[in-house]
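Data block below; observations after.
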Amino acid sequence: MDDNNIEEKNMLDDQITNEESLEQSINETEEIDEAKVEIANTKVSFIKSFAAVIIDNAFVGIISFILLYVFNFLLGLSGYSITQKGSMLLIIFVIVSIFYNSICESSKNGRTIGKRLLKF
């Protein structure tokens, strides 16, 4: 065999390999698209969604309550204290709630703790 035939054979082998990898890539893309459609078509019941929101709000409430007393302790070190704990708890709850949803939904899973616990 001469060099031209070997080069042509190598080029054909490369072309076949490229076509196979392209075909495999197309199949993988189709599988991903099918999975996205399947995820989009799954519906969550109202009860399950409501329970996830209750769990999330309970978690936010616990975090807010802990932060309130940590903040009150730190103020106590300087001689001050929080007199209206209910109002301050509401303010902290709103702030934590905003950050909680933003942080959880931008994570890898894109789900809150309530959604993860209820597996949807």
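Extension gain L90-S45, at 0.36 nm per residue separation less the Cα-Cα distance, in nm?
Extra length available between L90 and S45 comes to 13.2 nm.
Kirkwood hydrodynamic radius, computed over distinct alpha-carbon pairs, for the stretch 43-120: how many Å, to one decimal?
Value: 13.9 Å, from the Cα pair sum.
None of the figures in this text is laboratory data; all of them are computed from the coordinates on show. All of these numbers come straight from a predicted model, not from anything done at the bench.
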